[in-house]
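The values are calculated or read from the model by the stated rules, or taken from the named source; none is laboratory data. All of these numbers come straight from a predicted model, not from anything done at the bench. Reconstructed Cβ throughout: ideal geometry from the backbone, glycine too, with neighbour counts over all protein chains shown.
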Amino acid sequence: MRRSMLFLPGNNPNMLINGSCLGADAVIFDLEDAVAPDQKDAARLLVRNTMRYMDFGGVERIVRINSADTDYWQADLDEIVPQKPEMILLPKTNAAEDVLAVDAYMTALEEKLGFGQNTVGLMPLIETALGVENAYQIASVSQRVQAIFLGAEDLTADLQCKRTKGGAEIAYARSRMVMAARAAGVQVYDTPFTDVNDDEGIVVDTEYAKGLGFSGKAAISPRHVEVINRIFSPTEKEIDYAYEVLEAIELAKRQGKGAIALHGKMIDAPIVNRAKQTVAMARQLGLGREED
C-alpha cells in the first residue's frame, strides 16, 4: 500500500538516513531536481550506499533518476538498480518511447545481475502537456510500469500558466491522469502541495485528489505525511459500511437472491468491488475486524 510518497534530497545525508522514521509509506530519493549538476556523482553514491547499508523496514524505496534526455540517467541506473529499489521514478516522461528506452536498459541490467524480469518497477513522472496527452500510452506500454505520477510544477511552466493553490489550471491534467491510469490498470499519484506552512491547504488539496480517484499523493515535507495518510485511509464508517455490504451479499447468496438492498439502496457490482477494496486496505492497515 502506498498512500504517501515523501521526497528526500539525494545529497542530504541526514534526511536520507531518517527517511524510514518520517511516517511515509514510500520515500523518493531524489537525484534530479534536488541535486545540482556538480553534485550528481556524489549524490548517486550517497543514495546507493544508503540503500545498500540501511534497513528501511516496510517503507518503500523509490529513486528519482535524471531524465532520459540527460547524460546522467544510465549512470544512475548502474548504481541504483543493483540495490533493488521498489521503483524507479522517471522524470519528464513525454511518450511511450521514453519508457521503452529506460525499460530496455533496466532489463539488460537485471539480466546481468541475475534478477528476475521486472524486479524493479517503473513509475513515469508526467510533467509536460505532451506527457499528459500521452498518459495512457505511457501507462500501458510496459509491464514494468506500476504507476504514473503527475508533476504540476513543471507542467504549469510548460503550459505557461501560474501554479495556484486552488489548482484549477491542472484540473484537466489530474482527471486525464486518473482516467489513463485506471484504463491501463496501474496506480496514479498526485502532485505535492508545495506550501509547507498551509495546514488547511494540504487537507483541501489531498481530499480533492482522493475524490478524483488518485491512489495517493506525494509530499515534499514530512509535515504533510500524516494528513495524506489519514485522508487516503478508509474511515471507521467506511470500513463498517464495507463489511455490511459484503455481509449483505453473502446473505443474498445463501437465500438464493439475485439482488439485495442495504439501507434502502440496491447493492450492485461496483458497490461490492469498492467494499472489497476498502476491506483489503483496512486489513493492510490493521484496521480489519478481529475475526479477520
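Only one of (1) more than 26 Å from residue 187 (Cβ to Cβ); (2) surrounded by fewer than 18 Cβ atoms within 10 Å (Cβ to Cβ); (3) not hydrophobic (A, V, I, L, M, F, W, C) fails for residue 84. Which number is that?
(1)
All but one of (1) in contact (Cβ under 8 Å) with a residue 24 or more places away in the chain; (2) in contact with a helix residue (DSSP H, G or I) (Cβ under 6 Å, 6 or more places away or on another chain) hold for residue 88; which doesn't?
With (1) in contact (Cβ under 8 Å) with a residue 24 or more places away in the chain; (2) in contact with a helix residue (DSSP H, G or I) (Cβ under 6 Å, 6 or more places away or on another chain) applied to residue 88, the lone miss is (2).
When only residues in segment 250-292 that are surrounded by fewer than 14 Cβ atoms within 10 Å (Cβ to Cβ) and of a type in the set (S, T, N, Q) count, which is farthest from residue 3 (Cα to Cα)?
That would be 255.
In this structure, does residue 247 turn out to be exposed (fewer than 11 other Cβ atoms within 10 Å of the Cβ) and among the acidic types (Asp, Glu)?
Working: exposed (fewer than 11 other Cβ atoms within 10 Å of the Cβ): no; among the acidic types (Asp, Glu): yes.
Spelling it out, it is not the case that residue 247 is exposed (fewer than 11 other Cβ atoms within 10 Å of the Cβ) and among the acidic types (Asp, Glu).
Please tell me if residue 74 is surrounded by fewer than 22 Cβ atoms within 10 Å (Cβ to Cβ), assigned to a helix (DSSP H, G or I), of a type outside the set (Lys, Arg) and in contact with a Phe, Trp or Tyr (Cβ under 7 Å, 6 or more places away or on another chain).
Yes, satisfied.
Among the candidates 129, 139, which residue alone is touching a residue at least 12 places away in the same chain (Cβ under 8 Å), over 21 Å from residue 30 (Cβ atoms) and over 19 Å from the mean Cα position of the chain (by Cα)? I'd like the intermediate steps shown before the answer.
Working: 139 fails: over 19 Å from the mean Cα position of the chain (by Cα).
None of the others qualify; the one that does is 129.
Looking at segment 13-24 only, could you name the residues that are over 11 Å from residue 56 (Cβ atoms) and without any contact (Cβ under 8 Å) to a residue 12 or more places away in the chain?
14, 15
Suppose we filter segment 147-175 for residues that are crowded, with 18+ Cβ neighbours inside 10 Å and under 16 Å from residue 217 (Cα atoms); how many remain?
Final tally of qualifying residues: 10.
Which helices (runs of 4 or more DSSP H) sit wholly inside segment 211-292 and have at least 2 residues that are of a type in the set (A, V, I, L, M, F, W, C), under 17 Å from the mean Cα position of the chain (by Cα) and in the same structural domain as residue 200 (by TED's automatic domain parsing)?
225-231
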